[in-house]
1. State whether the residues of segment 303-316 include one that is within 15 Å of the chain's Cα centre (by Cα) and part of a helix (DSSP H, G or I).
2. Quick test for you: out of Leu34, Leu74, pick the one residue that is more than 19 Å from the chain's Cα centre (by Cα), surrounded by 23 or more Cβ atoms within 10 Å (Cβ to Cβ), more than 14 Å from Thr116 (Cα to Cα) and assigned by TED's automatic domain parsing to the domain that holds Ala120.
3. Which one is farthest from Glu155 (Cα to Cα) among residues in segment 44-67 that are assigned to a helix (DSSP H, G or I) and touching a Cys at 6+ places or on another chain (Cβ under 8 Å)?
4. Quick one: in segment 76-97, which of the residues that are in a helix (DSSP H, G or I) and of a type in the set (S, T, N, Q) is nearest to Gly111 (Cα to Cα)?
5. Of everything in segment 147-163, what is out of contact with any helix residue (DSSP H, G or I) (no Cβ under 7 Å at 6 or more places or on another chain) and in a helix (DSSP H, G or I)? Give them in sequence order.
6. Give me the residue from segment 62-75 that is over 21 Å from Asn22 (Cβ atoms) and of a type outside the set (D, E, K, R) and, out of that set, modelled with the highest pLDDT.
7. Which of the residues belonging to segment 330-350 are crowded, with 24+ Cβ neighbours inside 10 Å and more than 12 Å from the chain's Cα centre (by Cα)?
Amino acid sequence: MTIKFGTSGWRAIIAEDFTFANVRRVTRAICQVLQEDALQREKKLVVGFDTRFLGPQFAQSCVEEARGYGFKVLLCAEPAPTPALSHAIRHTQSLGGINFTASHNPPQYNGIKFSTSDGAPALPEVTRRVEQILSASESGAEVSNHHSASSGTVEGFNPRAAYLDDLKTKIRFDVIAKAGGRYGYDPVWGTGRGYLDAVLREHDIEVTTIHDWQDVLFGGHAPEPDAEHIGELRELVQKQNCALGLATDGDADRFGILDADGTFIYPNELIAILFDYLAQSRGWTGGVARSVATSHLVDRVARERGLKVYETPVGFKYIGELINDDAIILGGEESAGMSIKGHYPEKDGVLACLLAAEAVAARGASLTAQLDAIYERVGRVYSGRIGVRLTPEVAATLIEKLKREPEEFAGRRVTNINRLDGVKFILEDESWILLRPSGTEPMVRIYAEASSHADLEVFLEQGRKYLLD
């Protein structure tokens, strides 16, 4: 089979395409790519896994292959968050890392996230090299540098302590503790358990955790901390009068936030709130980065503060480059990925949740109140997205439709067409609509933003018709 790396690594259905044989193939290709950079560094590789079915076993197969290439493998002893592995790669000066996770995808999926020595998701030029090696192996032309299985070593490793110690240098826990609030936390049966809640308790901050055990079915739904999946957390927040409800996804690189009254704070909203808070509280210089699919609300905050906006394709690896270059205060995606200046070039849901708690404690105002204050200053916007299944009929006309250059869309004049990732029509009143094939599922995503909820609904429906008619 042909293996392709998408927006965030390679993902597939367990026992269908995500098999032990294919895991070994991908590991061998990654090892060959990493060897090309190994001349001046020790050949170390961090390997981790999340709480999905067969995670430890897939990781063990990976370890056996990596040892055969002479790598010293640091194998996580228990499920670990993706951001913790990102920190570990840097902390141990490893050549890279392989994490077995499908993040927020449904439980029948597993995946491989491949990170390079900077802790960032591997860039397309790197994953294309992996794909080339895999393609060559299919044709029988693979040139392997594989050694005996005993040439490398493996040792048990736990990234928790070093990662949490690093977070303590970036979050003002004293501010959170002084405010005296109580917090609810839902790791949705994922890897954030024992991380986010543990560091809060360490600072004498009261937190109640739910779903604090492994369930490979994630309660029967995708481990995604969106409004649909964290109803039990909402009940907890309201029952215990919590300051916030905090949630992370399966590998804890994405966040979900509930305000004190149970209101879900959408990622587009939290990104703008935290950018505004950090610009005010830290005194940092730099701009803000967002993906092409993310709300322009953060643009308005940046414009008000005289700061630069960087727009990237979807995929946190592109924002990660700007984190590495120290060009931005914060980078975020509407899909609930975020990192900040001085942190790692990887999404960190634990960090995002803790920053939300800090912002509420420091400002003495709920997230809803902070968002309303931003709207008063820069104007209100409404954002949303829907998906259209990529059927053979949709796929047959998709490329041609994405090439079109209409003069108007949904009755509004098109003032600009952005093809950074998919096609984005910018409309005359700064509203916009984006049509983009998903990099993780057989789906075409339709994103839109408007100045009213009614217009938003019209744009999303017109986007659906545009693809299906």
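The values are calculated or read from the model by the stated rules, or taken from the named source; none is laboratory data. Note that the structure is a prediction, hence the values are computed from the model and not measured. Counting neighbours? That spans all protein chains shown, and the Cβs are built from the backbone with ideal geometry, glycine included.
1. Taking every residue of segment 303-316 in turn, at least one turns out to be within 15 Å of the chain's Cα centre (by Cα) and part of a helix (DSSP H, G or I).
2. On the way: Leu34 fails: more than 14 Å from Thr116 (Cα to Cα).
Answer to the check: Leu74.
3. Within segment 44-67, the subset assigned to a helix (DSSP H, G or I) is 55-67.
Of the ones still in play, those that are also touching a Cys at 6+ places or on another chain (Cβ under 8 Å) are 59, 65-66.
Details: Ala59: 13, Glu65: 15, Ala66: 13 Å.
Applying the filter and picking the extreme gives Glu65.
4. Initial filter on segment 76-97 (in a helix (DSSP H, G or I)): 82-91.
Adding the requirement that they be of a type in the set (S, T, N, Q) leaves 82, 86.
On the way: Thr82: 12, Ser86: 16 Å.
Only one residue fits best here, namely Thr82.
5. The answer is Ala161, and nothing else.
6. Within segment 62-75, the first condition is being over 21 Å from Asn22 (Cβ atoms), and the residues that meet it are 70, 72, 74.
With the extra rule that they be of a type outside the set (D, E, K, R), the set shrinks to 70, 74.
Values: Gly70: 94, Leu74: 98.
Once the filter is applied, the top-ranked residue is Leu74.
7. Result: Leu330, Tyr344.
Matching residues to (1) of a type in the set (Gly, Ala, Ser); (2) modelled with pLDDT under 95; (3) surrounded by fewer than 16 Cβ atoms within 10 Å (Cβ to Cβ):
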residue: Ser151; (1), (2), (3): yes, yes, yes
residue: Gly156; (1), (2), (3): yes, no, yes
residue: Gly184; (1), (2), (3): yes, no, no
residue: Thr191; (1), (2), (3): no, no, no
